[in-house]
Amino acid sequence: MTLLSTKSSIDAIRSAQRKGGHLLYVVPAVFLLTLLSAFPLFQLARMSFSDVGIKNITGVWTNVGFANFKAIASDPDFKQILINTLVFVGIVTFLGLILGFVAATAFNDAKKSSDFLLAFMVFIWALPPIVNGSVWKFLLGGDGLINVLLQKVSLISEPIPFLYDPKMALYSVAMVNCWAVIPFNALILKAAFKSVSKDVLEASEIDGVTPLQQIRYVYFPSSRPTLLVLAILTLVYGFRSFDFIYVMTYGGPGLATNTLPFLGYIKAFVLFDFSKGAAIALLSAIFTSGLALLYSRSVRKEEQND
Amino acid sequence: MASIVAAGVAGLLLTTMPAVHAAESITVWHYFSGNPTQEKVMTDYKAIFEKENPGATVENVYVPYDQMNSKLIAAASTKTGPDVVVFNGAETSLLVDGGILAPMDSYWNAFADKAQFPASVIHKANGKVYSAQGYVNLLGLWYNADILAKIKMPLPTTIAEMEKAMAAAKKAGYKGITLCGLPQGQGEWQAMPFISSTGFNYGNLNEKALTDGLGIAKRWVDKGYLSKEATTWDQTVPFQKFLVGDTLFAENGNWQAGAAAGAKFKYGVAALPIGSKGKIYLGGESTAIGAFSKNKDLAWSYLKSTYFSKSGQLVVVPVGSIPSRLDSAKDKSVTGNKLLKPFAAEIAKNGANYPPTEIPATKIADAQTAGGVAWSSVIGGTATPANAAKKYIAAIKALQG
Amino acid sequence: MTNAVKKGRKKSRGIVRRSAKTIFAFFYGMPIVWIILTSFKQETDVFSTQSSLFFSPTLSTYRKLLTSSLFESFTNSIIIATCATVITLLVSIPAGYALARFSNKTLGIGLTALIIFQMIPQTATIIPLFQIFNKLGMLDTLPSVILADAALLTPFAILLMRPFFRSIPVALVEASQIDGASSWQSFSKISLPLARNGIATTATLIWIISWGEFLYAVNLILSPNSYPMSAILAQQVGGFGIFWPGLMALSVLASLPVAILFIFTYRLLREGLTLGAVK
């Protein structure tokens, strides 16, 4: 085979693939998701433009246009809840990613203790939020272990109001959520690090490279695509997660830890205003889909340079 | 390998396990878990019914509390559901709206003992009887008798006396009171006796009165009688905190009687000292027949021989609940029960219909949430009593339309 | 650079690593210790000894929970988690592979759609799914929960696995195709083995998530006799509070299989590492 024909056949393969030579591979996924995910999504969207309560959830839905969205936006508490949400999502995404990365690099030393510790963390991650949330509620409580320990060593005299101080409560809940995503991020990142050539890694360990340099020149570039996906997944998680808040503070004190996903849950399943719940979910979905577009564009751009 | 697994999965998908529901069997959905005395009521009722109706069986289905309504709605959307539902009595009209409950009119009207039931425990919607309560639950003032003796204080009969006792307790190194400050229905339920003691109620949306009422909680927090942590407590946690033994009072329900029995100190219950204006909701679970029950007659006979019968109602006494029938409430096991006595006195003096009739039936949950948020924000310090009162009243007015 | 500096840096790396590990061990160890301790407490001791190591331990909670019906729910959990993992992988491996090779608009649409699917609150899907499975006559069956879990996890799995397929050099795949391998052959013989780290990790996570999933289990299964462990765990939360020792003991019991799974997959992952550097 001549060089020229090799090149042209590669081009042929590539263009065939770009034209969708792999379309068959996505058929099962499209089938499953169309059957079981697209319908609920469609219902959710339809619900957010209708007036659906417990009376007609299985009956006729009348279109009300943007009324639900307007009602949500004009709620006097909406601004505070929106700010809470952004702070919450920001902390969970940013710290969850950074600390997950730190954990993955710290554990990437082929030692048994690292494997064990990471496995242990994922093991805890796997426990349902009702368990993890409750445990942290106990630990952070006024009579909880953390406060008692701090008081025993005389670092503080009064218990720290982690979950019931109007300002601190939001940070505490966000930190616990962060705690809950770190094992997942660390595990995925560690798997991604395995694609780093061993020689490069060993060379960087032996050579006098500072830890920061190692992160910057070895770990970071090798896990960039994974980091991007994790950033999106963590962000989506933050925008969807209400269970820790539900267990730990129920949005209180007052509205101090009330976020959009929590409000959406309350509207739909406590107040049975399904439309408003759906509208809030859709609003968050639209926001994240904007980020999703940015993500897919950056992925495409990056990969074109491959 | 992959194809074998796929075939196995496909095979599994085809074998749908049939649901067994014999003709002479009824399912009862309830949300009692974690409280052995309450769980026992369900198994006792099953035994009573199966003994009275040889051949018939009862399947008690425990549904996690948070999932009860969504499970009922989902089931109703496919025209299925339980034969009997045991649920929060305040939610009758909600469940009627959801098409989940069947009207009980025909059974109820023919019920020989219907006169034994006070109107407040019969829940109607659209003029029809849909559910009735076998017992009533309400809040009282639990006290630690050991601490009370140590600080040499009498049982309080006014809020001022209550505060005096709490001040003395605090001085002696104890905590004042535990209660629920969650920003939702449970918080509103616990707030109501105090915020109504100053004259506020859903029929009298007086902002000044409400500000004063909410101010009680603020005062307790400021003086250190009540922890701000109450904003994270549901109704169960504060009672478990009270049982630790270092708190003078607990505002909590009669259903804690079973849990209280394990206390390592002397305790008792007094009526909440909320004067003549104060209102205490009369809550408790209600029972109804499911709209899609295939055996409504059997479901009715289950209710008739358990929740609605004189002897059946006495089964709930160990839980601490007060039987709803006039004749069972007069039974010795009730009148001779020292713990139940103050509750019975409260029903007569401060008892108020739950859900409040001044709020449209479909907006009850919204009103509860608004009340809970106001209560929680005052305890947690995110709002002053005046601001919280203003917002709460505005929300109620909007709901009343 | 002198050897002393190199050594010093290596040492500092060691210190940084060790202190990071210690901190993580503390923050993840503390809750698990608390969970295990509480599972051995009497209910009345949960609050009075909230922050104490000293209490009289009891096995009564475990004794109460360890019944034959718990074994049944355990079996149900194994079936649900395993089948959901298999289905999710069968569907999402090819899709993740394909999305790693696309570079046109389809990719953009695909990725965005997957992320939006990720955004649907699980609670919002319960009623529509209930209606679908009712139409299919599958309510009250394990397969309904399995399929619901698979649909829930497929977008997540595709998104996670795509970068792993992406990191396989295109040249390797193309070379195999020039050598006459069909698209399927180059996928199954070249890409699949090379992406095994990512696949194994994703599979582990999917198994764990479907093991713990309870919303679908509680809502789609009508008779509590066929509940998986996750649903039994959710049952500890009653209308009148939570039975703490029961919740914690069940968490311990429910996590044991997860721990066992980990011992196996970790060996697998380790071997994967030694078997071959990609490049």
Ranked list, fewest to most other Cβ atoms within 10 Å of each Cβ, for B:Ser276, B:Ser93, C:Ser230: B:Ser276, B:Ser93, C:Ser230
Expected 222 nm ellipticity per residue - DSSP helices of 4 or more, -39500 (n - 2.57), all of chain B, to 500: -13000 deg cm²/dmol
Cβ-Cβ FRET estimate between B:Glu24 and C:Thr75, R0 fixed at 30 Å, reported to 0.05: 0.50
Spacing of the two label points (7 Å from each Cα toward its C-beta) at B:Lys51 and B:Lys294, in nm: 3.0
Distance between modelled label sites at B:Asn204 and B:Ala167, nm, 7 Å Cα→Cβ extension: 2.7
Equivalent ellipsoid semi-axes - Cα gyration tensor, the protein assembly as shown, angstrom: 52, 33, 26
For segment C:108-125, 3J(HN,Hα) per residue [Karplus equation, 6.51 cos²θ - 1.76 cosθ + 1.60, θ = phi - 60°, Hz, x = Gly/Pro]: x, 4, x, 4, 4, 4, 4, 5, 5, 4, 4, 7, 5, x, 4, 4, 6, 8
Where a label projected 7 Å from the Cα of A:Ile83 along Cα→Cβ would reach, residues of segment A:242-257 with amide N under 12 Å: A:256
Calculated log₁₀ intensity ratio I(q)/I(0) where the Debye formula runs over C-alpha points of chain A, q = 0.07, 0.08, 0.11 Å⁻¹: -0.40, -0.51, -0.90
Estimated FRET transfer efficiency (B:Asn387, B:Ala160; beta-carbon r; R0 22 Å; 0.05): 0.30
Mean separation of Cα contacts under 8 Å, 6 or more apart, over the residue count of chain A: relative contact order %: 26
Karplus-derived HN-Hα couplings along segment C:36-41 (A = 6.51, B = -1.76, C = 1.60, θ = phi - 60°), whole Hz, x at Gly and Pro: 5, 4, 5, 5, 9, 9
Surface/4 of the Cα convex hull for chain B, nm²: 23.8
For A:Gly254, residues with placed amide H under 5 Å, excluding near neighbours: B:Ser376, B:Ser377, B:Gly380
Degrees separating the helix B:364-380 axis from the principal Cα axis of chain B, which is the longest one: 40
5 angstrom amide H check on B:Asn60, placed H, neighbours 5+ away: B:Val28
Pairwise Cα inverse-distance average, inverted: Kirkwood Rh of segment C:67-275 (Å): 18.9
Choice from B:Val58, B:Val237, B:Val85 with maximal GNM fluctuation in chain B (Cα, 10 Å cutoff): B:Val237
Chain C, helix-only ellipticity at 222 nm - DSSP H runs n ≥ 4, -39,500 (n - 2.57), divided by all residues, nearest 500: -24500 deg cm²/dmol
Sorted largest first, extent of segment B:239-284 alpha carbons per principal axis (Å): 35, 23, 15
Acute angle (nearest 10 degrees) that the helix B:159-171 long axis makes with the longest principal axis of chain B, alpha-carbon atoms: 80
Relative contact order (%) - chain B, alpha-carbon pairs under 8 angstrom, separation at least six: 24
Gaussian network model of chain B, Cα within-10 Å springs - most flexible of B:Pro64, B:Pro103, B:Pro323: B:Pro64
Hz values of 3J(HN,Hα) by residue in segment C:213-229 - Karplus curve (6.51, -1.76, 1.60), Gly and Pro given as x: 5, 10, 4, 5, 4, 5, 8, 8, 9, 8, 9, x, 5, 9, 5, x, 4
Sorted by Cβ neighbour density within 10 Å, fewest at the top, the residues C:Thr67, B:Thr80, C:Thr202: C:Thr67, B:Thr80, C:Thr202
Footprinting exposure proxy for B:Cys180, A:Cys178 (fewest neighbouring C-beta atoms within 10 Å first): A:Cys178, B:Cys180
Contact order relative to length of segment C:67-275, as percent, for alpha carbon pairs under 8 angstrom and 6 or more apart: 32
Most mobile listed residue (B:Ala191, B:Ala259, B:Ala132) in chain B, GNM with C-alpha springs under 10 Å: B:Ala259
Net charge, C:Met248 excluded, C-beta distance under 14 Å - Lys, Arg +1, Asp, Glu -1: +1
Amide H contacts of B:Thr247 (H built 1.01 Å from N, under 5 Å, at least 5 apart or other chain): B:Lys175
Estimated 222 nm signal from helices in chain A, with DSSP H stretches of n ≥ 4 weighted -39500 (n - 2.57), rounded to 500: -22500 deg cm²/dmol
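Rule-based calculations on the coordinates, nothing more; no lab input. This is a predicted model, so every value here is computed, not measured. Note that each Cβ is placed from the backbone with ideal geometry, even for glycine, and that neighbours are counted across all protein chains shown.
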